[in-house]
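Read the figures in this text as sums done on the coordinates, not as results from a lab. Keep in mind that what you see is a predicted model, and the values were worked out from it rather than measured. Virtual Cβ from ideal backbone geometry, glycine too; neighbours counted across all protein chains shown.
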Amino acid sequence: MENLIVSSSPHIHSRATTRNIMRDVVIALLPATVAAIVLFGFKAALMIAVCVASAILSEFFFSLIAKKKQTIGDLSAVVTGLLLALNLSTKVELWQCMLGSMFAIIIVKCVFGGLGKNFANPAITGRIFLVIAFGAVAGGAHTVFTPEISAGATPLEIIKSGSGTLPSLFNMLIGNRGGAIGETCAIALIIGFVYLLCRKVISWHIPVVFVGTVFVLSLIVKQDLTIALYEVLGGGLLIGAIFMATDYVTSPMGRLAKVIFAFGCGVITVLIRFWGSYPEGVSFAILFMNILSPYIEKIHIIKPLGGIKNVKK
Amino acid sequence: MFGIRYIGNTHIPHFKRTASLASIDLPTPKSVLVPMLQHIGAPAAPIVQPGDTVEIGQKIAEAAGYVSSPIYAPICGTVDKFEEYLRPDGRKVQAIRINWNGEVKFHHSVQPKDIYSLDDLITAARESGVVGLGGAGFPLAVKLDVLRKNAIDTVILNGAECEPYITSDTRTMIDRADDVRQGVELLIRTAPAVKKYIIGIEKNKPEAIKTMRETFKDLSCVTVKALPQRYPQGAEKVLIYNTVRRVVPEGKLPSDVNVLVLNITSMAVLAKYCRTGMPLVRKSVTLDGSAVASPKNIKAPIGTSIKEIIEFGGGTTGEVGKILLGGPMMGSAVASADEPITKTTGAITILSKEDVQLPNETSCIHCGRCAEACPHLLKPLLYSNSLELTDKEEKMKILDKNKIMLCVECGSCSFVCPAGRPLVLNNKIAKSEYRAYTEEMKKKGGM
Ligand code: SF4
Ligand code: SF4
């Protein structure tokens, strides 16, 4: 019994680590990843590989050059790369995928000081960068099961332009529709959501309020239940609400703050979809609320147990 | 949706492997080292000299002030010498070394005490040497003193025992139910203003709950409340909220909301003192942890070295990383196994090398787990973040606004943090900086 370690309490720790949390997110994304490859074929697999690999390598070389502690082990770069790939359509070139991934990791995350210091979600910002730099990235692609060109338009584009035929609701659920490779299969995304809830990685507040807000507002604006359902299942709402708006770093803590944050995301999404120039508004909505997140957190102060109001001095 | 029914939010492992094991007695050790400070307050003043012969229960040190507590000889023998003892918190105090002379004899002062009034009870509490056995070591007499005001309407007996491994209070409730009952009866007799007695026990101790319900079946003023097993259920303010829904404001005491919280074992020991006159000289400790060969509850004289208890208990297995006085959440790590157990020791926890590896510290991912785990609904991440600031005023403003002083150092936040940040340690640092700052401000007359 020599060499006893003496350090401050507590002396035990839970098994949750950043790495385990990120691993859970990757596992939750697996159904959507598999669906993407099945629905959109070999190109989808290549895109995923390129995005993930360039995300990891960007972080690795950044840390190396900036002489920082190597952090790729926390798996957050894998999550970013995978999410970015799943948010792009097969119309995007592989070199563009690589560029988006590098932008997300280096400019949005590493330059601000790495994981935890970034103010916006890297995958979302990477996608927006590609939207702005190279035009539409979600539309124009069709699944291997419906080769007709007209099926390439996303349901949201069809609703917005008023021309073309909407896929059946069944096809919407299994993901047989145009869109980004990972956003189409609603069932796969919901399986991931349930997994994250069971593992207590996220709480239900943000996804449910976000999706609920979009649904209710669409119903009010369009007065049509079917359209409202397409608004929920079409576009990137599910993947955004489940996997990107729930990002710890860029969403507020506290249940009420989370609800306000998600409500804001929903409102902006609907505004852009119905009145904006883009057919899809989920990414912009999340990015905007990311920026507001610290302020929302400040508005909603949880009163400490036994805390008394500070007397103005 | 936003309401909270019970506070205290952390699931930690229980490991209550010793819950079904009654304490076994340690044979009298060859020598004991009795520190003069085993409580909060002033160290006791020795009244024996080296060379004196003492008997079990003989007073060897007198309480030195109102907040202090007398100390009694735990074994028969000769006072060898006065030594310097370094407490785990870094304070140096005097300690008396007593060598056993082979006898087991009670001192003649060990006589039953008659209790007729609250004064008698408080005097008995002072003389019994009992201090808060739950950990902090606040003298019991000082706690009972608030009953004089006649304002206290509820007494809560703390049997939550929420730390992993420890089962000594659990065993008190099962093995010494009569003592617990007598303790409560003493209070009922001498403090008529108290309307209600609540015994709070975490749900994971069904046997203790059953025994206590059985014991107090016929006393309508006593309720046994089964509490959810969430850490830190036994923290005073948490327990008060979860049993009577009263919030103790910042900087106030439980007595300000007319509640008194007493450790259940403390009351049992006081009852025994009144009945037999035997002061607090032995302590039942739980010996457990991942590096303990066979977990046990062991009753040993105060001042026995940790090493002796471990050897009697069957030794350790594997590589020992840390030895703790207390449990793994709030206990303090000792530098050597030669250190003695004291009045406040409820457990000796020995953890393997593997278990005490400090987590790799990475940056905060803002996951909110620490805030969710905090029983006082604080935001521990903000304290740690503020320590990185160079602007002192700004730092103090953040600490002040976010109520750093409410932190009870329960350990929950560090336990859950996936980034492995030493949040509790940072809280302690932040607290002492904040304390120094407010002192300074007061001196300047600014506040
Ligand atoms: S801030 Fe203090 S009271 Fe809150 S969980 Fe951490 S140690 Fe416990
Ligand atoms: S638990 Fe750790 S990582 Fe999560 S918010 Fe608190 S300090 Fe940050």
With +1 at each Lys and Arg Cβ and -1 at each Asp and Glu Cβ, the charge dipole magnitude of the stretch B:1-112 around its Cα centre, to the nearest 20 debye, comes out at 500
Across the alpha-carbon set of the stretch B:369-444, Rg over Rh with Rh taken as the Kirkwood radius works out to 0.98
One can check that the equivalent ellipsoid of the stretch B:14-112, built from the alpha-carbon gyration tensor with semi-axes equal to the square roots of five times its eigenvalues, has lengths in Å, largest first, of 23, 21, 15
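Just in the stretch A:141-240: which chymotrypsin sites (Phe, Trp or Tyr not before Pro) are loop by DSSP and have at most 15 other Cβ atoms within 10 Å?
Values: sites: A:Phe145, A:Phe170, A:Phe193, A:Tyr195, A:Trp204, A:Phe210, A:Phe215, A:Tyr230; in loops: A:Phe145, A:Trp204.
Listed in order of number, the matching sites are A:Phe145, A:Trp204.
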Restricting to lysines and to Cα separations under 19 Å from B:Lys92, and discarding same-chain partners fewer than 8 apart, the set is B:Lys81, B:Lys343
Rounded to the angstrom and largest first, Cα extents along the principal axes for the stretch B:210-301 equal 42, 38, 30
The relative contact order of the stretch B:118-276, taking Cα pairs under 8 Å that sit 6 or more residues apart, comes to a percentage of 34
With bins of 20 Å, the percent of all Cα-Cα pairs of the protein assembly as shown per bin from 0 is 15, 39, 28, 15, 3, 0
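Dipole magnitude of the protein assembly as shown about its Cα centre, charges +1 at Lys/Arg Cβ and -1 at Asp/Glu Cβ only, in debye to the nearest 20? Walk me through the intermediate numbers first.
On the way: 81 positive and 61 negative charges, 267 e Å.
It works out to roughly 1280 debye.
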Low-density loop trypsin sites (Lys or Arg not before Pro), the stretch B:223-289, at most 13 other Cβ within 10 Å, DSSP non-H/G/I/E/B, are B:Arg245, B:Lys252
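Run the dipole for the stretch B:146-275 about the Cα centre, Lys and Arg Cβ at +1, Asp and Glu Cβ at -1, nothing else charged, and hand back the magnitude in debye, nearest 20.
Numbers: 21 positive and 15 negative charges, 68 e Å.
The calculated dipole for the stretch B:146-275 is roughly 320 debye.
Which entries in the list B:Lys59/B:Lys307; B:Lys392/B:Lys431; B:Lys252/B:Lys392; A:Lys303/B:Lys225; A:Lys258/A:Lys298 go over 18 Å, if you measure between the two C-alpha atoms of each? Intermediate results must be reported in sequence, preceding the final value.
Numbers: B:Lys59/B:Lys307 26 Å; B:Lys392/B:Lys431 14 Å; B:Lys252/B:Lys392 27 Å; A:Lys303/B:Lys225 27 Å; A:Lys258/A:Lys298 12 Å.
Exceeds cut-off: B:Lys59/B:Lys307; B:Lys252/B:Lys392; A:Lys303/B:Lys225.
Could you tell me which of rounded, prolate or oblate describes the stretch A:12-145, using a ≥ b ≥ c as the square roots of the eigenvalues of the alpha-carbon gyration tensor, with rounded for a/c under 1.5 and, failing that, prolate when a/b is larger than b/c and oblate otherwise? Before the final figure, lay out each step's value.
Values: a/c = 2.23, a/b = 1.41, b/c = 1.58.
The shape class here is oblate.
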Per GNM of chain A with C-alpha springs under 10 angstrom, the most fluctuating residue out of A:Cys185, A:Cys110, A:Cys97 is A:Cys110
For chain A, the Cα-Cα pair-distance distribution in 10 Å bins from 0, as whole percents, is 6, 26, 34, 20, 8, 4, 1, 0
Where a ≥ b ≥ c are root eigenvalues of the Cα gyration tensor, a/c under 1.5 meaning rounded, otherwise prolate if a/b exceeds b/c and oblate otherwise, the stretch A:193-256 counts as prolate
Kirkwood-based Rg/Rh on the Cα set of the stretch B:118-276 evaluates to 0.92
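Are there any chymotrypsin sites (Phe, Trp or Tyr not before Pro) in the stretch B:39-125 that are in a DSSP loop and have at most 15 other Cβ atoms within 10 Å? List them by number. The partial results should precede the final answer.
Values: sites: B:Tyr66, B:Tyr72, B:Phe82, B:Tyr85, B:Trp100, B:Phe106, B:Tyr116; in loops: B:Tyr66, B:Tyr116.
Sparse-neighbourhood loop chymotrypsin sites (Phe, Trp or Tyr not before Pro): B:Tyr66, B:Tyr116.
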Taking alpha-carbon centroids only, the stretch B:363-418 lies from the stretch B:73-122 a number of Å equal to 41
Averaged over residues of B:268-278, the number of beta carbons from other chains lying within 10 Å of each residue's Cβ is 0
Projected onto their principal axes, the Cα atoms of chain B stretch, largest extent first, over whole-Å spans of 62, 50, 50
GNM on chain B, Cα springs under 10 Å; top mean-square fluctuation among B:Val356, B:Val259, B:Val222 goes to B:Val356
Helix B:206-215: inclination vs chain B longest Cα principal axis, degrees, rounded to 10, gives 50
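Taking 8 Å as the Cα distance limit and 6 or more residues as the minimum spacing, I'd like the relative contact order of chain A as a percentage.
On the way: 488 pairs, mean separation 54.1, N = 313.
Result for chain A is 17 percent.
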Partner shielding of B:355-366, as the mean number of partner chain Cβ atoms within 10 Å, equals 6
Expected max-MSF residue from A:Ala16, A:Ala186, A:Ala104 in the GNM of chain A (alpha carbon, under 10 Å) is A:Ala16
If exposed means GluC sites (Glu not before Pro) lying in a DSSP loop and surrounded by at most 15 other beta carbons within 10 Å, then the longest stretch of chain A lacking such sites spans residues A:149-313
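Normalised by the residues of the stretch B:156-249, what does the relative contact order come to in percent, with Cα pairs under 8 Å and at least six apart? It would help to have the intermediate numbers written out before the result.
Working: 119 pairs, mean separation 32.8, N = 94.
35 percent.
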Over chain B, cysteine residues that find no other Cys C-beta under 4.7 Å are B:Cys76, B:Cys162, B:Cys221, B:Cys274, B:Cys364, B:Cys367, B:Cys374, B:Cys407, B:Cys410, B:Cys417
